[in-house]
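The values are calculated or read from the model by the stated rules, or taken from the named source; none is laboratory data. Just so we're clear, the structure is a prediction, and the values are computed from it rather than from any experiment. Glycine gets a Cβ as well: all are built from the backbone with ideal geometry, and neighbour counts include every protein chain shown.
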Protein chains: 2
Amino acid sequence: MLDDILHSCYQELEKGHYRLTPQREAVLLTLYRERDGHLTSYELFNKAKKIYPELGLATVYRTLDLFLEMGLLREVQFDKGLTQYELRDHQDGHHHHLVCKGCGHPQEIDGIFPKKLLDLITEETGFLITDYCCQFYGYCEKCRTNIAQDGKKTKVKELMRGEVFNDARS
Amino acid sequence: MLDDILHSCYQELEKGHYRLTPQREAVLLTLYRERDGHLTSYELFNKAKKIYPELGLATVYRTLDLFLEMGLLREVQFDKGLTQYELRDHQDGHHHHLVCKGCGHPQEIDGIFPKKLLDLITEETGFLITDYCCQFYGYCEKCRTNIAQDGKKTKVKELMRGEVFNDARS
DNA sequence: TTCCTTGCAAATCCTTTGCAAGGGT
DNA sequence: ACCCTTGCAAAGGATTTGCAAGGAA
């Protein structure tokens, strides 16, 4: 699986006469290792740095832009000003997100719209769909329990910011 | 309709011993007037300023936070670093977005998941859904034509940034 | 008096950019 | 030699925060 991704990445890069540098490899490998989570650029930077310590943050951003353009990645935005990245999984199709307004932790659920539906939309609107993503907002089981217990939504919300920024999920 | 919104807003505010100040009213009215578009905080600020010229940008942000917490609004993020706001429409149900990767212009399409589906998700995951939003990415009719004609995706992409930031849609 | 609310300016956070240097081809 | 790529530091843009002042309850 990783080999597949690396290989297709290498091919894509070659098309544009780009190189597979150690920096880019470190970013890709990190994205692969953490493919079940949703990494912010900063989380990604820190983790990839462990593979290639000279890595600079700007390079991470540039690499992400490149990978995005190559269609290797997907950007997801759950929270204001926080962009998270995930490897696009060409095998298993799309998944959607359950974003908890309590703890901010995004769960994933599998699901795919029938191709018929997408075609129908294109037919009706002229809009050609290349990708899609659905977010469900609400409260996860854990937070529902917490809120039921002490009703302290606000505290949970503050926690969430902390969790996301301080990389507590790693 | 506007009266309904204002009234429910006033009630919500009262609950928390908050006030319906002219600033908040100006923001709300602007959101209502532009309910078919998707306003960035800055667009909102400029338009609301016409109603209440002393309005400050920080107040707009604070008001948006408040309204968000009250569930009056929805945040949508189509593009990195650009948060857009729209009044939540409790009458007509949900709508989804067709986000064009060419011109960046978001179209809306109506659509609603059957409540059965939402319940099923909650049942399976324990996640209680309070809101949801689906984005379809691709190319709108106009951009598809442009790309077919001269293949200049990049130029279109640059245009898009300009359009969004320079408030050309107003 | 109390405390919600505000405008302004400063601070902060995330992301992009300019530039000179490094390194394949 | 050419040009892709990089790290660093500076710039940029959006959002938040500190603070003193205004104003309703």
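The table below lists the values:
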| item | result |
| --- | --- |
| Failed item in (1) over 26 Å from B:ILE129 (Cα atoms); (2) within 13 Å of DNA strand D (Cβ to nearest atom); (3) of a type in the set (A, V, I, L, M), with B:LEU2 passing the rest | (2) |
| Residue in the range B:22-36 that is under 22 Å from A:LEU82 (Cα atoms) and either crowded, with 18+ Cβ neighbours inside 10 Å or within 15 Å of DNA strand D (Cβ to nearest atom) (or both) present | no |
| Qualifying strands (runs of 3 or more DSSP E) (wholly inside the range A:9-121; at least 3 residues being under 22 Å from B:LEU98 (Cα atoms), within 14 Å of DNA strand C (Cβ to nearest atom) and in contact (Cβ under 8 Å) with a residue 24 or more places away in the chain) | A:73-79, A:82-87 |
| The range B:122-142 - residue that is crowded, with 20+ Cβ neighbours inside 10 Å and either part of a loop (DSSP other than H, G, I, E, B) or more than 9 Å from chain A (Cβ to nearest Cβ) (or both) and, of those, modelled with the lowest pLDDT | B:CYS140 |
| Flag if A:GLY71 is exposed (fewer than 15 other Cβ atoms within 10 Å of the Cβ) and not polar (S, T, N, Q) | yes |
| Index of the failed condition, B:THR63 passing every other in (1) within 13 Å of DNA strand D (Cβ to nearest atom); (2) more than 24 Å from B:CYS140 (Cβ to Cβ); (3) within 17 Å of the chain's Cα centre (by Cα); (4) surrounded by fewer than 19 Cβ atoms within 10 Å (Cβ to Cβ) | (4) |
| Residues located in the range B:98-113, provided they are within 17 Å of the chain's Cα centre (by Cα), facing chain A (nearest Cβ under 10 Å) and either crowded, with 18+ Cβ neighbours inside 10 Å or hydrophobic (A, V, I, L, M, F, W, C) (or both) | B:LEU98, B:VAL99, B:CYS100, B:ILE109 |
| Qualifying positions in the range A:5-19 - more than 7 Å from DNA strand D (Cβ to nearest atom) and surrounded by 15 or more Cβ atoms within 10 Å (Cβ to Cβ) | A:ILE5, A:LEU6, A:CYS9, A:TYR10, A:GLU12 |
| Any chance B:ASP79 is within 12 Å of DNA strand D (Cβ to nearest atom), within 12 Å of chain A (Cβ to nearest Cβ) and within 18 Å of B:GLN135 (Cα to Cα) | yes |
